[in-house]
Amino acid sequence: MTTGLYGGAFDPPHVGHVALAAGAKAAFDLPRLIVLVTTRPGHKGTQLPAETRLELAQAAFPDDDVRLDPYPRTVDLLRAEAFDDPLFVVGADEFAAFLSWKEPDAVLELAELAVGTRPGYSGGQLDSVLAQLARPERVRFFEIEPNPASSTAIRDGAGAEELVPPAVAALIRDRRLYRP
């Protein structure tokens, strides 16, 4: 049985994250995902501590297995943990930067990649990444609806009420998170 994995900083988790997860579950007939909240992202900083981001992710993904990921890089997680037939979910923007990940070819040896694309996203950049991979057949694409949500915009004060799931908006409001 395939194990869907979806990792990120989730600082905060927004409706785009939820749509990507739902799209992957539908496209690959996954009953649920393991949502991995990275404690120490290797590629960017975070505003909130990992435990708070974990609570926000649990609110955003109530039907999934949400837990902390102590590994800063995906390849380290995949080497350390035993997942049945892992399928790692990413958005097209993350896949466009996939060659900058730590050992991208090793990631594809250990897991397949499920890449959510949206209408209007340039396929040329994705094709360029595919052409440079040793195992491009391990990358599977699925389409999702466009979504304007951005964790950066929310952290910068954009309307969290419209950009995050209601349960996440309630936590942000009640705890006064992401206030300038």
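Annotations for the structure displayed:
- Calculated mean residue ellipticity, 222 nm, the chain: -10500 deg cm²/dmol, from DSSP H runs (n ≥ 4) at -39500 (n - 2.57) each, averaged per residue and rounded to 500.
- Under the convention that each Lys and Arg Cβ holds +1 and each Asp and Glu Cβ holds -1, the size of the dipole of segment 92-180 around its Cα centre is about 420 debye.
- Both radii are taken from the alpha-carbon atoms of segment 1-121; with Rh as the Kirkwood radius, Rg/Rh is 0.92.
- The H on the amide N of GLY7, modeled in the peptide plane, is under 5 Å from the matching H of LEU36, VAL89, each at least 5 residues off or on a different chain.
- Take 43-49, 28-34 and order them by the average number of nearby Cβ atoms within 10 Å per residue, most first; the result is 28-34, 43-49.
- Taking Cα atoms only, the orientation of helix 15-27 departs from the longest principal axis of the chain by about 40 degrees.
- Cut-off 17 Å, label 7 Å out along Cα→Cβ of ALA82, residues of segment 107-140 by amide N: 110-111
A short reminder: the numbers here are calculations on the coordinates, not readings from a lab. Fair warning: this is a prediction, and the values are worked out from it, not measured in the lab. For neighbour counting, all protein chains shown are included, and Cβ atoms are generated from backbone atoms with ideal geometry for every residue, glycine included.
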